[in-house]
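Report on the structure given below.
The values are calculated or read from the model by the stated rules, or taken from the named source; none is laboratory data. Just so it is clear, the model here is predicted, and its values are computed rather than measured. Here the Cβ positions follow ideal geometry from the backbone for every residue, glycine too, while neighbour counts run over all protein chains shown.
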Amino acid sequence: MNVSLVLLLLIVVSIEIESDGPLKMIEGKVCEVKLYDYCESDNCLVDCPKKYGVGASAHCSFTGECLCDYPC
């Protein structure tokens with residue numbers, strides 16, 4: 001019985017160490033910025049990746065603004 005208790009304790013400790021170890025996933029943050037007060041979809045879609053890189057994406061808001069989402 002003592003051996004099984006020690007083994008169970010070792011398993012629990014190893015799981016806790018692994019969850020905090022180097023395999024922990026880092027979550028990225030996404031920032032949003034207004035490019036223009038108006039939204040011409042062609043300009044908005046092209047200018048956003050030019051300014052903020054390949055990971056950026058643009059969209060038009062309900063109020064007609066050009067918004068750019070990019071990893072920051």
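Quick look at the values:
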quantity: Odd one out for Pro49 among (1) within 21 Å of the chain's Cα centre (by Cα); (2) of a type outside the set (Ser, Thr, Tyr); (3) modelled with pLDDT under 65; (4) surrounded by 11 or more Cβ atoms within 10 Å (Cβ to Cβ); calculated: (3)
quantity: Residue list for segment 60-72, restricted to those being over 18 Å from Lys29 (Cβ atoms) and either surrounded by 14 or more Cβ atoms within 10 Å (Cβ to Cβ) or in contact (Cβ under 8 Å) with a residue 40 or more places away in the chain (or both); calculated: Cys60, Glu65, Cys66
quantity: Subset tally (residues that are modelled with pLDDT of 80 or more and acidic (Asp, Glu)) for segment 14-39; calculated: 2
